[in-house]
């Protein structure tokens, strides 16, 4: 394969009909590292909305069990991407997300904003730091993908295009970003988690780098200090240099899913999709994965290599 072969395949596809195939190529072949970082930043932005960050703090899940919440979020989203909306695994993951969200008083506007971050923040990250910019078909396929996911989650009045998602996100942040003690606690816990992935002596550098990636409205909402022009320039410059280096590499032949990332640490022996996430209001998880299997709940294995054709065909239409 040559460096731009995946892009050539994307250009042959229809972003309305083949959005799952396009989005899967973008995430698992073209920009797996970048989109992992971008989705982390997308979730981080939501904490600056007091109604979102405050709720997450009150549940204590994102402050007391930060690694597990990170893992569960990544794995549930990963299952939909890998298997599609129609497969058992995809339906199970969406069901778990709906069960969790349905247990709390979350407004449709907040749900729609969180969905918008998954569309807009990755595109902006890739355009700034990726080895190439996102093409128009990738941009629109991402919007169609998350519009479909949003419909499965019961979100109303979802933006119809990338441009509408972007407009909604920018306006919502301008109207709602603000200080909340709970949101700051969740942000601090998330930054501490990211620092824990590296050797302890590097923690101050990781914390400084995380501040350098925050824009001023986001930093102001959390009352974080500015990283400083030298640190900001060094961090963002290093990311751009990485993108240029990646451009020289051969294309990724096998897809790389989030469950293969080293940051997923909570399930060394595999996991049951129906067991992921929180079980609020007294609803506990099953005692063991075998009972989940007996109930028809799919199991994931972090080390398992996925099939390059997983979820293709009918699932590509959502």
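Each value in this text was obtained by applying a stated rule to the coordinates, not by laboratory testing. The structure displayed is predicted, hence computed values, not measured ones. Note: ideal-geometry Cβ built from the backbone for every residue, glycine included; neighbour counts use all protein chains shown.
Please go through region 180-197 and pick out each residue that is farther than 23 Å from residue 122 by Cβ and in contact with a helix residue (DSSP H, G or I) (Cβ under 6 Å, 6 or more places away or on another chain).
Passing the criteria: 180, 182, 184, 185.
Of (1) on the phi > 0 side of the Ramachandran plot; (2) crowded, with 23+ Cβ neighbours inside 10 Å, residue 122 satisfies all except one. Which?
Checking residue 122 against (1) on the phi > 0 side of the Ramachandran plot; (2) crowded, with 23+ Cβ neighbours inside 10 Å, the one that fails is (1).
Which residues, taken from region 25-37, are under 11 Å from residue 142 (Cβ atoms) and within 10 Å of the chain's Cα centre (by Cα)?
Within region 25-37, just 35 meets the criteria.
Quick one: count up the residues across region 55-69 that are surrounded by fewer than 18 Cβ atoms within 10 Å (Cβ to Cβ) and in contact (Cβ under 8 Å) with a residue 24 or more places away in the chain.
Residues flagged as surrounded by fewer than 18 Cβ atoms within 10 Å (Cβ to Cβ) and in contact (Cβ under 8 Å) with a residue 24 or more places away in the chain within region 55-69 amount to 3.
Only one of 188, 180 is farther than 30 Å from residue 86 by Cα, surrounded by 20 or more Cβ atoms within 10 Å (Cβ to Cβ) and out of contact with any strand residue (DSSP E or B) (no Cβ under 8 Å at 6 or more places or on another chain). Can you tell me which?
180
Just to be sure before I move on: is residue 78 surrounded by 21 or more Cβ atoms within 10 Å (Cβ to Cβ) and in a helix (DSSP H, G or I) in the structure I sent?
Taking the combined requirement at face value, the residue satisfies it.
Output the number of residues of region 151-179 satisfying the condition of being without any contact (Cβ under 8 Å) to a residue 40 or more places away in the chain and more than 19 Å from residue 38 (Cα to Cα).
Result for region 151-179: 6.
Can you confirm whether residue 89 is in contact (Cβ under 8 Å) with a residue 60 or more places away in the chain, in contact with a helix residue (DSSP H, G or I) (Cβ under 8 Å, 6 or more places away or on another chain), under 15 Å from residue 24 (Cα atoms) and in a helix (DSSP H, G or I)?
Answer is no for this residue.
Among the residues of region 1-46, which ones are farther than 20 Å from residue 236 by Cα and in a loop (DSSP other than H, G, I, E, B)?
1, 2, 3, 4, 13, 14, 15, 16, 17, 18
Tell me, please, whether a residue that is in contact with a helix residue (DSSP H, G or I) (Cβ under 9 Å, 6 or more places away or on another chain), outside any helix (DSSP H, G or I) and under 22 Å from residue 224 (Cβ atoms) can be found in region 60-69.
Within region 60-69 (the criterion being in contact with a helix residue (DSSP H, G or I) (Cβ under 9 Å, 6 or more places away or on another chain), outside any helix (DSSP H, G or I) and under 22 Å from residue 224 (Cβ atoms)), the answer is no, since none of the residues qualifies.
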